[in-house]
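A quick write-up on the structure given underneath.
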Amino acid sequence: MNDWPEGFAQFPHDPRMAAWAGAARGLAEAALAAPGAAWRHGGTWFAGVNALPNGPDGGLPGHPLDGAVIRHLAVGGQAPRCWDRAQISAVAPGYPGRDPGESEAQHRFRRDRAGAHVDGLLPVGPARRRMLKEAHGFVLGLPLTEVTEGRSPMLAWAGSHRIIGEALTAALAGAPPERWPEIDLTEPYHAARREALATCRPVPMLGRPGEAYVIHRHTLHGIAPWADAPEGPPRIIAYFRPEIPFSAWA
Ligand SMILES: [Fe+2]
């Protein structure tokens, strides 16, 4: 993954991946329509973490998780031995709406900065101090519907993984990895995020089912606001975010 100077890689259409995505789409649409499905941000975002019932090999009945991106990860020693259930990320027309409990600043950051973040740095406590509570090896995005520029693609800030990685590796240095989840990273994280937003270019991760992208675990990313017609079906992407040991994160 260090051979990706921008901090992400995009993979062209692969029929093996398209077959998997077709099967996943049916299951995802059922999850979205299920009673009690939790839509947030004014009903415009469904963050179905671990909502896809894939097997530990990533496969769905009759459809193995396969394609150039999976083989690339395997050759690089990055494919996990056991795949988690994938996240089903759905975004509906009008994203981002605003929930009653959401502050104006939080809503603005989601609207104007795509809610740019690095996975695993979760807000802790009422003061929302950022701590490394989850260590993900990478984020693999698999479009289940066509994702165009106006349909809330993921934005990945090109080269941001270097800025974020350097800042957080420095902040964690000196402490053993088992203590990393307790270290307050708020200041270095916010400073590095500011620098990345100011100096890096957001690149939309577009694609149709069968295409794929992977972003480095330190790459700043978010969800672009919906810009297409304010009606119609949501766009749906499946994400795999395999966990790795904390010691391998920085
Ligand atoms: Fe994310």
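Just so it is clear, none of the values below were taken in a lab; they were calculated from the coordinates. Remember, it's a predicted structure, so these values are computed and weren't measured experimentally. Counting neighbours? That spans all protein chains shown, and the Cβs are built from the backbone with ideal geometry, glycine included.
Here are the numbers for the structure shown:
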{"quantity": "Positive-end residue of PRO100, LEU27, TYR213, charge dipole of the chain with Cβ unit charges", "calculated": "PRO100"}
{"quantity": "Unit charges on C-beta of K, R, D, E only; dipole of region 8-242, Debye", "calculated": "220"}
{"quantity": "Neighbour-count ranking [beta-carbon atoms within 10 angstrom, fewest first] of VAL75, VAL147, VAL203", "calculated": "VAL75, VAL203, VAL147"}
{"quantity": "Normalised convex hull volume, region 8-242, alpha-carbon set, Å³ per residue", "calculated": "133"}
{"quantity": "Taking CYS200, CYS82 and counting other C-beta atoms within 10 Å, the order from fewest to most", "calculated": "CYS82, CYS200"}
{"quantity": "Inter-label distance, nm, simple model (7 Å from Cα along the C-beta direction), ARG98/ALA23", "calculated": "4.4"}
{"quantity": "Helical segments meeting 15 Å axial Cα length and Kyte-Doolittle -1.0 threshold in the chain (DSSP H)", "calculated": "15-33, 160-172, 186-199"}
{"quantity": "Peptides 46-52, 58-64 ordered by average Cβ neighbours within 10 Å, highest first", "calculated": "46-52, 58-64"}
